[in-house]
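The values are calculated or read from the model by the stated rules, or taken from the named source; none is laboratory data. Because the structure is a prediction, the values reported are computed rather than measured. Positions of Cβ are generated from backbone atoms using ideal geometry, with glycine treated the same way; all protein chains shown enter the neighbour counts. With ligands, DNA and RNA removed, areas are computed over all heavy atoms of the protein, side chains included. Shrake-Rupley method; radii C 1.70, N 1.55, O 1.52, S 1.80 Å.
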Amino acid sequence: MVDLTNIREITADLPRSYEVLVRDRIKFRVGQIVYLAVAPDEQTIGLGFPREERAAALAAEPDKFLPPRPSDERYQWIELNLAAVDHDELRELILDAWSLCVPKKVRAAYFGD
C-alpha cells in the first residue's frame with residue numbers, strides 16, 4: 001500500500017508545488033489551488049480530477065474511487081482509496097491533478113513537450 005511518504009516523494013520535484021497544513025489536514029498546492037489533500041487518517045486522499053470523467057471512474061472502479069463530499073462536487077475533485085492503488089498509478093493520478101493547476105508552459109517544460 002502507498003502512504004504519505006510516497007505522496008511526498010512524488011510531489012517533491014513538481015514545479016510550483018508545496019505542502020501546507022490546514023485544519024490538521026495535509027494539502028499540496030500550486031499557488032492557492034489545492035490539487036491534493038490527505039485525509040487525517042491517511043487512508044484516502046482527495047485530488048484534482050476532471051469533472052466530466054468523475055462519474056465514469058466512480059462506476060468503473062468503486063473500490064478505488066469515492067465521490068467527493070457534496071460541498072466539493074462543484075470542483076474538479078475525487079476521493080481515492082490509497083489501499084486500492086500501487087505507486088505507479090498513484091504517481092499518474094497525482095501528476096494529472098497537478099497538471100490541472102499549473103500553467104501550460106510549466107506542464108510542458110516538466111513533461112518535455
*Of the residues that make up the range 63-71, is at least one open to solvent by less than 60 Å² (accessible area, probe 1.4 Å) and assigned to a helix (DSSP H, G or I)?*
no
*Specify which of the listed residues (11, 44) is more than 18 Å from residue 103 (Cα to Cα) and of a type in the set (Ser, Thr, Tyr).*
44
_I'd like to know if the range 41-60 contains one or more residues that are at pLDDT 95 or above, open to solvent by 50 Å² or more (accessible area, probe 1.4 Å), β-branched (Val, Ile, Thr) and assigned to a strand (DSSP E or B)._
no
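Looking only at residues that are of a type in the set (A, V, I, L, M) and part of a helix (DSSP H, G or I) in the range 82-103, which one is farthest from residue 40 (Cα to Cα)?
Taking the candidates together, the pick is 95.
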*asked:* Restricting to the range 1-17, name every residue that is touching a residue at least 12 places away in the same chain (Cβ under 8 Å) and of a type outside the set (Gly, Ala, Ser).
replied: 1, 2, 3, 4, 6, 7, 10, 11, 14, 15, 16
